[in-house]
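The structure appears right after this line, and notes come after that.
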2 protein chains.
Amino acid sequence: MADEPLIVFTPAGKRGRFPLGTPVLQAARALGVDIDSVCGGRGICGRCQVNLAEGEFAKHGIVSRADHLSAFSEVERTYSKQKTLAHGRRLSCSTRILGDVVIDVPADSQVHRQVVRKAVEAVAIELDAAVRLHYVEVAEPDMHSPASDLLRLLEALEREWQLRSLGCDLHVVQSLQASLRQGGWKVTVAVHDESTIVAVWPGFRDKAFGMAVDVGSTTIAAHLCDLASGEVVASVGRMNPQIRFGEDLMSRVSYIMMNPGGEGDLIAAVRGAINELAAEAAQAAGIEPGDILEATFVGNPVMHHLLLGINPIELGGAPFALATDQATLLRASELGLALHPGARAFVLPCIAGHVGADAAGVVLAERPDLGDALTVLVDVGTNAEIVLGNRHRLLACSSPTGPAFEGAQISCGQRAAPGAIERVRIDPATLEPRIKVIGCELWSDDPGFAAATVKTGVTGLCGSGIIEALAELFLAGVIRRDGIINGGFAERSHRIRPDGPTFAYTLHEGAVTIRITQNDVRAIQLAKAALYAGIRLLMDRMGVETVDRIRLAGAFGSHIDVKYATVLGMLPDCDLAQVSSAGNAAGTGARIALLDRRARTTIAALVRRVEKVETAVEPKFQAHFVEAMAIPHQTAPYPHLSRVVTLPTPEPGGEGRGRTGRRSQRQRAAEPA
Amino acid sequence: MADEPLIVFTPAGKRGRFPLGTPVLQAARALGVDIDSVCGGRGICGRCQVNLAEGEFAKHGIVSRADHLSAFSEVERTYSKQKTLAHGRRLSCSTRILGDVVIDVPADSQVHRQVVRKAVEAVAIELDAAVRLHYVEVAEPDMHSPASDLLRLLEALEREWQLRSLGCDLHVVQSLQASLRQGGWKVTVAVHDESTIVAVWPGFRDKAFGMAVDVGSTTIAAHLCDLASGEVVASVGRMNPQIRFGEDLMSRVSYIMMNPGGEGDLIAAVRGAINELAAEAAQAAGIEPGDILEATFVGNPVMHHLLLGINPIELGGAPFALATDQATLLRASELGLALHPGARAFVLPCIAGHVGADAAGVVLAERPDLGDALTVLVDVGTNAEIVLGNRHRLLACSSPTGPAFEGAQISCGQRAAPGAIERVRIDPATLEPRIKVIGCELWSDDPGFAAATVKTGVTGLCGSGIIEALAELFLAGVIRRDGIINGGFAERSHRIRPDGPTFAYTLHEGAVTIRITQNDVRAIQLAKAALYAGIRLLMDRMGVETVDRIRLAGAFGSHIDVKYATVLGMLPDCDLAQVSSAGNAAGTGARIALLDRRARTTIAALVRRVEKVETAVEPKFQAHFVEAMAIPHQTAPYPHLSRVVTLPTPEPGGEGRGRTGRRSQRQRAAEPA
């Protein structure tokens, strides 16, 4: 009818004519415009706020005016007294259409909106949480037409929210009658994935929470999120208490092998820690653990299996068979988690026996499958989990780097903790070092460094410190391409001293003497050769000689200087501007799976698509490994890197001890710094 | 191709041509002929046995001969040494087609077959259990193509059994790797409803069990069934231990009202009893409770709610709102049942606040919706649950009969147990009684009755005994149409004696004196008037004056003599040949739901279709109730009954004490016995 006003919604661009007096929310619903609501148009929740766009809209042939909407209502006045209703904002449920209008739906009023991620992270998270809250008024029981309380609740959900064929958890049925009566037949219902009622509370409620958990072998970290806004309301972490059964994964698996039934101890430990984190995060956010309605999990295969209560011993030996590589949705209570009784747990899928749900999380955070850029994703733990690919193809493998990158197996190695050396510079002329330690912003040659580090001391080398020390020693010529510490330099610096049949470089002398030994170099050589060989194996399989981007996930990736990593030949040559940290990408993947239920289907499908490569049975892996023992590599070219640093020239026919070192040194001295 | 032999399957009547050498089972599968198999054609399970039909089949234009099948194979010889292979039977998986043949598939080789029910019961049960076993050989893990053990199991189930998109219980994933390795990659899988893996065992297994449970307020009965054959392998029962919280339902609900949280005691009691029954039944059948993979349940609304862990107090007062009236499928462990960890529980739906899942079971056993005959189903407990209808329409109500029919509220009433009088005959001339007691086949005037009842004694009157005593006293004129025990008869028999201001009839004198008092008559009058009024109300609603069939369910229905029940006016007039016991129809309904998964959809749909009538808000119920206080009824005609017994003639204007009694007596004496 021509005398029905026209309403246009922006930014959706949807338009239609409605009878005079139609509420704006109702018109939006009819047009399929995404406007949030928990209370179902009762003016309680304030989720459905909109703005009037005033003016003449030639494109639509209408003039949009304030008096084309009903006056500010009593409901809006009441709402704005109790909660925030920004200037000009209207509650679309209480605002009626009286003439042609253009209505703008702000992002925060949309159900499906983007969550802003930190700059370091790649893509915005689409918000579409599996759990949604719905406020309903349920018909009271009537002896004239007997229907159960559940049936009347389901009828209300269908009538008010178009939710059909819902299932209902038993615990909800058990408490339903009390909730309905306590709420005066008004309740808020939590519906999971538009399919199951998982919670009912008396009266109105508009907060639902979820927890994204990254179950690392060393630390477990959890982000508590508001499922409506996507906001992180608390972040907590703690050591994985399984450490008392073994520092690294394989020693924990050995513990189980030696102690039949011992998996129960590890399972209880990890689940207990998650419960403690949930309680801690809830307290920090001023809620109860029972307010948490969903949790998502990433972790390496062993952590993944233990979380699910699966004995991981099969992962301890060939053929490294996973019990399951499926995405797992279950009740949190099945994992012994003390969240809301209806809470669900979504555990991301593992990719292969050594490529876990943490790698799946990285894939979900980075989505290499969305672009053309050939991307390497690396998550370094005890193993390096590696994914290579783009929109056309995805490959994954794991490479046995061992724990050297985490500071283990290094004579003065330690975890990244205050007092650990994280940055190293070595003067190529004097061979004197400058260092930085975690917990202090000063370099060791800055005034006040000694005083500033009194409390922490200088206690050891963490992963990034070892990488930098080795790379600088290599660039200074002290470490040769084959990894030998060149004893010839002992003539030039007291820091290079015999250490049994080999030599060591003294980086720091204090309460603790911190040295780089030949064994330390060997350990890093083995680790970096494994990492390089894994990436290279995937490149072979892909049939490429170069990659476009390298993203380093995890704590190691966050702290390492990509230049030094490349100098050592950990990574293939790549434009250094395209080598970057992905932050805690695994944890971000867990958060994406928490906030966007569609991402769960996505990652399950992606994991199936990934071609799994098992390094242990690939003969070429060994060949790559041997060649990658040299620094940066025996044969691979590093053209990009060479533009940034001057690499010592390789000498055909091998390098004689001392002589080569000196020559390298001479060459370097002659070149611009 | 014309040179491919023709194979015809009977009784399915399906036919097709297959290449020479095709296994018979494979041909059957291709034609969609229903032949069972657990082992997938490996000659282990013996479920796929068939018979060759020899001879000339003009209809099909073929000659079916023994040499048109491959010779008795090594597999068959091995099988027949270990298990039974009846003469002439072949294993269709190991028998190949070499020429035209007619193959008969015996009933016991079909997946979907009928379970023979006892003669008293109405329809055969179609066998189609929700849980099916599948033997599979799973590919071993291979580092060259890493896939989890679960994925390879799923692939095997799809390859060998065409089962797709299966889910899998967590406990199965947790034990899967051990089972696969223990079974040498051969396992038997239990799949629920073609959708979820609920159990995995190493190696071959062909027994799966289920339990059908009738949760009565007085007794709980369970039938343990072989899910493959439908056979009942053990039947057990015990008192409902909730009796310690109250004899009848309402006193148990009162207990909860008086003791907040007390529902936990009743819930634990009923679940504990079910666990004990499961253990007892399993022991009787030589299996473990952990071998039980499914359980189905019927019960009145209060029992239904308590089983599900729902506080039933809302059922204790108007408006009698059920928490749920949906069919409920969940894990048996959610009900605290110690069956197989993957066992499922199916709880039949309640129909209305006083018409429970037991009535739904009766409907499922009787299926009044399948025929044109207008059928009344009555299940008498503390309330009578009544269903009226046929294929066109179904109505249900509950009527507050109280426990008089069960012997409660009767001066000498007792449960149906040895020593209880169950049959009564009273000589209309002498007013001397003959009785029979439970536990003795003799009548009291048979020689040896006294000796035969020494052990049990004669201890009281059970439900059927009271009905018969009252009906016989009415037919003898001692009890008037208005229910008054006629004191005038005291002149004729010492058995009629004053009892305060009223009279009583002494039925038996012994260690216990058993009398029928005026209050007993009143209690039965109230109960029978309620039952009649409930049925009549449904007939009104249906718009009918007569019904075609009456089926009495439960213990009361099994023991009662329908003639006497009709004489008292408990039931509307009906051809007595069409009034019969339905046996334990509620329990049968549970068994049907256990053995035939399609029945679950059926009963859920039927319950939704049933029109619920609440007697408490129907003014006509009161009117019917008052009129039905008379014996058999104040106004309703009993033409069918009158052909079988001679009813005392009603006297317009009321009956004078004594006079009427005598005249009735005279009339009866003048008529043929």
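Points worth noting:
- B:Glu56-B:His112 FRET efficiency (beta carbon distance; Förster radius 41 Å; 0.05 resolution): 0.85
- Rounded to 0.05, the FRET efficiency of the B:Lys620 and B:Arg492 pair, given R0 = 45 Å and the Cβ-Cβ distance, is 0.65.
- Pairwise label distance in nanometres, B:Ala452 with A:Asn259, each label 7 Å out on the Cα-Cβ vector: 7.1
- Ligands, DNA and RNA left out, the 1.4 Å accessible surface of segment A:93-203 is 47% carbon and sulfur atoms.
- Per-residue average of Cβ from other chains inside 10 Å of A:137-149: 6
- Each 10 Å bin from zero holds the following percent of Cα-Cα pairs in segment B:10-86: 15, 48, 32, 5.
- Scanning chain A for cysteines with no neighbouring cysteine C-beta under 4.7 angstrom from their C-beta gives A:Cys48, A:Cys93, A:Cys168, A:Cys225, A:Cys350, A:Cys397, A:Cys412, A:Cys440, A:Cys462, A:Cys574.
- Shown for segment A:159-197: residues covered by the partner protein chains by 30 Å² or more of accessible area relative to the chain by itself (probe radius 1.4 Å), namely A:Leu170, A:Val173, A:Gln174, A:Gln177, A:Arg181.
- Helical runs assigned H by DSSP (4 residues or longer) give chain B a calculated mean residue ellipticity at 222 nm of -8500 deg cm²/dmol, each run adding -39500 (n - 2.57) before division by the residue total.
- Share of alpha-carbon pairs per 10 Å distance bin for segment B:431-564, given as whole %: 10, 35, 32, 16, 5, 0
- Filter on A:Lys528/A:Lys612; B:Lys59/B:Lys207; B:Lys83/B:Lys186 - keep pairs with C-alpha separation over 29 Å: B:Lys59/B:Lys207
- Near B:Phe320, once Lys and Arg are set to +1 and Asp and Glu to -1 for all other residues with Cβ below 12 Å from its Cβ, the sum equals -4.
- Span-like helix ranges in chain B, DSSP H, alpha carbon extent 20 angstrom or more, Kyte mean at least 0.0: B:263-285, B:518-542
- The GluC sites (Glu not before Pro) of segment B:382-489 that meet both conditions, a loop assignment by DSSP and at most 13 other Cβ atoms within 10 Å of the site Cβ, are B:Glu441.
- Solvent exposure of segment A:1-58 as accessible area per residue, Å², 1.4 Å probe: 45
- Average accessible area per residue (Å²) across segment A:61-107 - probe 1.4 Å, nucleic acids and ligands excluded: 50
- For the protein assembly as shown, the fraction of alpha-carbon pairs in successive 10 Å shells from zero, as %: 1, 7, 12, 14, 15, 14, 12, 9, 6, 4, 2, 1, 1, 0, 0
- The residues packed around A:Arg549, meaning those with a beta-carbon under 11 Å from its beta-carbon, carry a net charge of -3 if Lys and Arg are +1 and Asp and Glu are -1.
- Surrounding net charge for B:Glu468, when Lys and Arg each add one and Asp and Glu each subtract one, Cβ distance under 11 Å: +2
- Label spacing, shortest first and in nm, from B:Pro19 to its equivalents in the remaining copies (7 angstrom along Cα→Cβ): 7.0
- Copies compared at A:Arg77 - label distances in nm, ascending, label defined 7 Å from Cα in the Cβ direction: 10.0
- FRET efficiency for the pair A:Ala284 and A:Leu330, taken as 1/(1 + (r/R0)^6) with r the Cβ-Cβ distance and R0 = 25 Å, rounds to 0.40.
- Within 10 Å of each Cβ in A:300-310, the average number of Cβ atoms from other chains: 2
- Counts of other chain beta carbons within 10 angstrom of each beta carbon in peptide A:316-328 average 6.
- The trypsin sites (Lys or Arg not before Pro) found in segment B:163-225 that occupy coil by DSSP, while having at most 12 further C-beta atoms within 10 Å, are B:Arg164.
- Separation in nanometres of the label points that stand 7 Å from Cα toward Cβ, at A:Thr502 and B:Ala124: 8.3
- Between B:Ser195 and A:Asp142, the modelled label-to-label distance comes to 3.2 nm, taking each label 7 Å out from Cα in the direction of the beta carbon.
- Spatial extent of chain A: Rg and Dmax, with the Cα atoms as the point set, Å: 30.2, 104
- Residues of segment A:458-599: accessible area per residue with a 1.4 Å probe, Å²: 28
- At q = 0.15, 0.19 Å⁻¹, base-10 log of I(q)/I(0) for segment A:461-540 (Debye sum, equal scatterers on each alpha carbon): -0.55, -0.82
- Fraction of accessible area attributable to carbon and sulfur, segment A:1-70 (%, probe 1.4 Å): 52
- Judged by the mean number of other Cβ atoms found within 10 Å, the most tightly packed of the peptides A:490-496, B:211-217, B:376-382 leads the ranking B:211-217, B:376-382, A:490-496.
- Rounded percent of accessible protein surface that carbon and sulfur make up, segment B:443-515, 1.4 Å probe: 56
- For B:Asp3, the distances from its label point to the matching points in the remaining copies are 8.7 nm, ordered from shortest, with each point set 7 Å beyond Cα toward Cβ.
- Excluding ligands, DNA and RNA and using a 1.4 Å probe, chains A and B jointly bury around 3400 Å² of accessible surface, summed across both partners.
The values are calculated or read from the model by the stated rules, or taken from the named source; none is laboratory data. Since this is a predicted model, take the numbers as computed values, not measurements. Every residue, glycine as well, gets a Cβ built from its backbone with ideal geometry; the counts of neighbours run over all protein chains shown. The accessibility values were calculated without ligands, DNA or RNA, using every heavy atom of the protein model including side chains. Shrake-Rupley method; radii C 1.70, N 1.55, O 1.52, S 1.80 Å.
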